[in-house]
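Working notes for the structure below.
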Amino acid sequence: MGCRVDTRLHPYTGLCNPIRPPRDLILHLPSGRCVAPKEGRVYGVRGTPIGGICADGYVRLGQHAVGELYEHRFIYECVHGSIPAGHYIDHKNGCKSDNRIANLEAVTPSENMLRAFERGACQVGEQVSQSKLTVALVREIRRTARTVPPRDWAARLGVHPRTIREARDGTTWRHVPMRGRIPARPRWRRP
């Protein structure tokens, strides 16, 4: 397929598909990059979009002095200023590559974790690949609380006795109901 070249003089002469940057751009002077917050994109010094989606779903712009530079953090900082100390930038709709400014919000670590649990983004129980316990085992461990000590269960399953104690008292495996009582409401839930 041939490329049609416009012979009139304009900044994009000779390009097959002229790049038309969005109207609402913010220039980040230290890096020389432009940000289109409504679109959720970062443009490099040549006016082309930069960054790529990585295996974990986040868009990375490359290396930074501290480590990886994430697009959602860069866009948030360009629009709202520096991120408050100890806060994360959360994607409201749960899509890690949707970096529109309307989708980004600064939240505390506990709020970020709560949202991840609500979306089902965190694995619990048997979903965790290293888990040696199952729902059936946890129920059996709780049922034998008065007869079998934690160290016996720990030796049998190859885990630390603390793992057995925490599963037994409901500190872990909260999603498995405790027999004879309503499970306590987890601390990370909203009131």
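The values are calculated or read from the model by the stated rules, or taken from the named source; none is laboratory data. Predicted model, so just to flag it, every value in this text is computed and none were measured. Methodologically, a virtual Cβ is constructed for each residue, glycine included, from the backbone with ideal geometry; neighbour enumeration extends over all protein chains shown.
Please count how many residues of the stretch 51-92 are in a loop (DSSP other than H, G, I, E, B) and crowded, with 17+ Cβ neighbours inside 10 Å. I'd like the intermediate steps shown before the answer.
First pass over the stretch 51-92, keeping only residues in a loop (DSSP other than H, G, I, E, B): 51, 54-58, 64-67, 81-87, 92.
So of that shortlist, the ones also crowded, with 17+ Cβ neighbours inside 10 Å come out as 51, 58.
Total satisfying the criteria: 2.
Across the stretch 148-175, what is the number of residues that are outside any loop (DSSP other than H, G, I, E, B) and either among the aromatic types (Phe, Trp, Tyr) or surrounded by fewer than 16 Cβ atoms within 10 Å (Cβ to Cβ) (or both)?
So the count comes out to 10.
Of the residues in the stretch 73-93, how many are touching a residue at least 12 places away in the same chain (Cβ under 8 Å) and at positive phi? Write out each step before concluding.
Initial filter on the stretch 73-93 (touching a residue at least 12 places away in the same chain (Cβ under 8 Å)): 73-76, 78-80, 83-84, 86-92.
Now restrict to residues that are at positive phi: 86.
So the count comes out to 1.
Take Ala65 and decide whether it is at pLDDT below 80 and in the same structural domain as Ser97 (by TED's automatic domain parsing).
Spelling it out, Ala65 is indeed at pLDDT below 80 and in the same structural domain as Ser97 (by TED's automatic domain parsing).
From the set of residues in the stretch 93-115 that are more than 25 Å from Asp24 (Cβ to Cβ) and among the polar types (S, T, N, Q), which is surrounded by the most Cβ atoms within 10 Å (Cβ to Cβ)?
In this case the residue turns out to be Asn112.
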